[in-house]
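Heads up: the structure comes next, in structure tokens.
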Amino acid sequence: MTEEASNTPANRQSWNKIADFWDTKLGDGNDMFLDLILPTIEALADVKPGQRVLDLGTGNGIVARRLAAREGVEVLATDYSEAQIENARRRTEKIFTPPRVTFAQLDLLDRVALDDFAQRHPEEFDVVTGSMLLKELSDLAPLAEFLPKVMKPKGRAVFANLHPCFHKPGAHRVIEVVENPDTGGQEIQTSIKVSKYLNIGPVQSQALRGQPEPLIWFHRPIHEMLEPFFDAGLALNKVREPSFQDGPDAGQIQSYHNYPQIPMQFIFRLVRLPV
């Protein structure tokens with residue numbers, strides 16, 4: 001496998017170094033996963049008993065375990081970080097006996113590896129999922145071309161991402177102190193300032209506060225994020241933009257819980273177009 005084909009080698013090295021940090025911090029999900037990502041993926045994936053799920057970029061297996069907990073559902077979970085897979089396997093084996101999740105290493109920019117995987121699993125999966133994955137891929141075309149090869153004709157793929165319109169690298173949280181003209185009291189108002197959106201190059205990002213080293217993120221406006229999937233014969237048929245609705249977080253004024261009108265996630269479902 002050439003370095004060009006590899007899925008951003010710097011990110012893989014970083015993930016192997018920070019995998020234990022992420023596993024400790026996230027466990028089976030932080031508030032973003034538990035409140036926004038997991039319920040929305042479950043709703044859009046609509047996994048039925050007896051169906052097969054392919055979870056791409058599984059990390060420590062949060063989504064894979066959630067879907068495997070459904071009766072009669074089996075999950076194949078992949079990641080390109082060996083350390084992430086080991087943490088996912090360790091956590092999963094503690095829950096399911098016999099195992100309902102199997103694991104495989106897969107680089108989503110390596111077309112040779114993707115073709116080999118697709119030949120071993122032709123049109124096998126009812127559902128494909130990917131959470132917080134697309135922003136780490138320097139090129140979405142290999143993934144987009146891979147999906148129809150492994151999805152059943154009536155299969156669906158669901159991807160969850162930070163909302164590209166309202167979240168870094170081009171958007172910044174704004175906190176203002178204003179006076180209420182009716183009461184004279186001071187109030188906190190929050191908003192998002194977007195200074196860039198259409199053209200932003202790769203950036204270094206510390207996704208979790210305290211992360212030992214940054215990752216490389218590839219920002220895309222929505223049309224650029226979706227177009228490779230359309231070109232590969234997939235169609236968009238569901239979109240959700242969830243935000244936190246459980247009330248303000250007075251302890252952390254910068255928390256996204258204080259931005260209920262700003263969607264934190266952009267989650268969409270793709271289906272195969274009839275041939």
Item to check | Filter result (among the aliphatic types (A, V, I, L, M) and under 23 Å from A19 (Cα atoms)) within the stretch 69-112 | outcome: V75, L76, A77, A83, I85, A88, I95, V101, A104, L106, L108, L109
Item to check | Positions within the stretch 179-203 being closer than 13 Å to K168 by Cβ and either of a type in the set (S, T, Y) or assigned to a strand (DSSP E or B) (or both), in sequence order | outcome: I192, K193, V194, S195, Y197, V203
Checklist entry - Being farther than 23 Å from L147 by Cα and among the hydrophobic types (A, V, I, L, M, F, W, C), is that true of even one residue in the stretch 50-67? => result no
Checklist entry - How do the pairs read when you match residues in the stretch 251-266 that are aromatic (F, W, Y) with residues anywhere that are not in a loop (DSSP other than H, G, I, E, B), using Cβ under 6 Å and keeping only pairs 6 or more apart or on different chains? => result Y259/T190; F266/N161
Checklist entry - Does V75 fit the bill of being touching a strand residue (DSSP E or B) at 6+ places or on another chain (Cβ under 9 Å) and either under 24 Å from R12 (Cβ atoms) or crowded, with 22+ Cβ neighbours inside 10 Å (or both)? => result yes
Checklist entry - (1) loosely packed, with under 13 Cβ neighbours inside 10 Å; (2) modelled with pLDDT of 95 or more; (3) touching a helix residue (DSSP H, G or I) at 6+ places or on another chain (Cβ under 6 Å): which one isn't true of A144, the others all being true? => result (1)
Next on the checklist: Checking the condition over 22 Å from L26 (Cβ atoms), in contact with a Lys or Arg (Cβ under 9 Å, 6 or more places away or on another chain), loosely packed, with under 14 Cβ neighbours inside 10 Å and aliphatic (A, V, I, L, M), which residue from A171, A235 passes?
Outcome noted: A235
Checklist entry - For the subset of the stretch 177-209 comprising residues that are surrounded by 11 or more Cβ atoms within 10 Å (Cβ to Cβ) and touching a Pro at 6+ places or on another chain (Cβ under 7 Å), which member is modelled with the lowest pLDDT? => result Q206
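The values are calculated or read from the model by the stated rules, or taken from the named source; none is laboratory data. These numbers come from a predicted model, not from an experiment. So basically every Cβ, Gly included, is an ideal-geometry build from the backbone, and we count neighbours across all protein chains shown.
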